[in-house]
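Below is one structure, written out as structure tokens, with a few remarks after it.
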Amino acid sequence: MVVDSLPPANDTDCRLLAYQVLRRVAAGGYADLTLDAALRRSALASRDRALATELVYGSLRRRASLDYALAPCCRQPLAALEPAVLDLLRLGAYQLLFLDRVPAHAAIHSSVELTRQLRLQRAAGLVNAVLRALQRRQPQLRWPTAEEDPLGWLTATLSLPDWLAQRWWNQYGLQPAGRLAACLLLPAPLTLRVNRLQTTPAQLLAQLAEAGYAAEACRYAVDGIRLLQPVTDLTALPGFASGAFQPQDEASQLIAPLLQPQAGQRLLDVCAAPGGKTCHLAALTHNQADILAVDLHAHRLRKLEQGARRLGCQRVQTLCLDMRLSDACLPDAAFGGVLVDAPCSGLGVLRRNAELRWRRQPDDIADLAQLQQQILQQAARRVAPGGRLLYSLCTTTPEESDAQVAEFLRRQPDFELEPLQDRLPPELLDAQGCLRTCPSVHDGMDGFFAACLRRR
């Protein structure tokens, strides 16, 4: 159970950065944003930046596996340890168990050194003892198998929380659930959406090749390009400053075209920030549609505005608004197309949001489904006769997808489900004609759901 990884850094700086990011994540931060900010401030070499990234995401994704391996090596329950010390142990254990190019002595020594750098000398002996015990036990470490302990296989070996392992086992069956869990332990591919307002896929592929980056066209997204090598600094890619591309998963790139936006239309993007789909709508309409981007959070809307300027998106207005509430600022039945990319449980993007698998709780799903229905009901009032309401999510739960659409149609008899057979290949569609992607099935794409609802 070894993951081919990166060569070790020459010092502990990248490990210190990784640890600091993990502590901020534990305090409520988002791993991707926190890591990006830390890397921008650091002077680490490229190799060390890559190792810091691996340590952050790997130790978050593999947390349950790390705890399974650490527990027999510690005299007290892991839950009784100081959280800062437990994060140090997880970082060291990740290097011992999953980074075969990091020597065991380097993993242990660097972890002990970190206790001194962080003024946690009181824990140096414990960290040293536990990691050395893990090193001794490692050859005999037996991971649960699907045959002997199915639930343990999903939770300890494939690092799912107990409730999610049971849910996916019930929803998909044991082996499909295992394939999905295994896929979500891998780093997410870096996919770019070519900005047609500035360039073409062929031109950007040529630019990337000239700069030494291996890349290929995506299978399904016509403007998608997948990078075939790790990139720790997107801003260094050719075309970033000129707005030639937007980082966006391939499945996410499929959403905006499903609305079939047209030049001259008025379009509404609900829950729009950070703006990937808003800017895609602008590109699809060649800046010839008026787009109103609404979001609850003003700071996220500012990021949307910055991104729109970089990409050359025009005729995009923003409005800070709670879409659960009726508001006179938005006239009823005024938009030819409305996109609701709703807040959701995010279970389809656990590769990108590694901390989410430990933050999300089973009760959240019902709460989110209620929130989604409130937003949908308000958004429906803004759809012009004959217009489309596109509902999309990056999750896998029936409560947020099929059941949500069924409940919406029950409440809104003037809408009908519009199958997407004319817009997508059959392998991306479910029986109702809705988009449904799965990372373990569809070429590594994120897990998305989308339904098109047409107002009669």
Projecting the Cα atoms of Leu160, Ser252, Gln432 onto the charge dipole of the chain, where Lys and Arg contribute +1 and Asp and Glu -1 at Cβ, the residue farthest towards the positive end is Leu160
Which value in Å is the Kirkwood Rh of the range 129-174 over different Cα pairs? 11.7 Å
Using only Cα atoms, locate the centre of the range 177-218 and the centre of the range 282-318, then give the distance between them in Å, rounded to an integer. 23 Å
Net charge around Gln198, counting only other residues with Cβ within less than 14 Å of its Cβ (Lys, Arg = +1; Asp, Glu = -1)? +3
In nm, to one decimal, how far is the modelled label at Leu33 from the one at Arg219, with both set 7 Å along Cα→Cβ? 3.3 nm
What does the charge add up to near Arg61, with Lys and Arg as +1, Asp and Glu as -1, over the other residues with Cβ less than 12 Å from its Cβ? +4
Taking a label point 7 Å from the Cα of Ala129 along Cα-to-Cβ, the residues of the range 56-86 whose backbone nitrogen sits under 12 Å from it are 73-76
Kindly work out what percent of the DSSP beta bridges joining two residues of the chain are antiparallel, to the nearest 5. 50 percent
Once the other residues with Cβ under 10 Å from the Cβ of Gly243 are scored (Lys, Arg +1; Asp, Glu -1), what is the net sum? +2
Full extension from Gln117 to Leu186: what is 0.36 nm times the residue separation minus their Cα-Cα distance, to one decimal in nm? 21.8 nm
Where does the Debye-calculated log10 I(q)/I(0) of the range 93-162 sit at q = 0.15, 0.23, 0.25 Å⁻¹, using only Cα point scatterers of equal weight, no solvent? -0.62, -0.97, -1.03
Could you give the spread of the C-alpha atoms of the range 314-389 along their three principal axes, from largest to smallest, in whole angstroms? 41, 30, 24
Inter-site label distance for Val441 and Ser242 at 7 Å from Cα along Cβ, in nm: 4.0 nm
Place a +1 charge on the Cβ of each Lys and Arg in the chain and a -1 charge on the Cβ of each Asp and Glu, then give the dipole magnitude about the Cα centre in debye, rounded to the nearest 20. 980 debye
Compute the Cα gyration tensor for the range 1-127, then decide on rounded, prolate or oblate, letting a ≥ b ≥ c be the square roots of its eigenvalues: rounded whenever a/c is under 1.5, prolate when a/b is larger than b/c in the other cases, and oblate in all that remain. rounded
Please report the equivalent ellipsoid semi-axes of the range 172-235, computed as sqrt(5 x eigenvalue) of the Cα gyration tensor, largest first, in whole Å. 29, 14, 9
Treating the angle as unsigned and between 0 and 90°, give the value, to the nearest 10°, between the Cα long axis of helix 46-61 and the longest Cα principal axis of the chain. 80 degrees
How far apart, in nm, are the 7 Å Cα→Cβ label points at Glu399 and His299? 2.9 nm
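Here, each number is a calculation from the coordinates, and none is a lab measurement. The model shown is predicted, which means the values in this text are computed figures rather than measured ones. For neighbour counting, all protein chains shown are included, and Cβ atoms are generated from backbone atoms with ideal geometry for every residue, glycine included.
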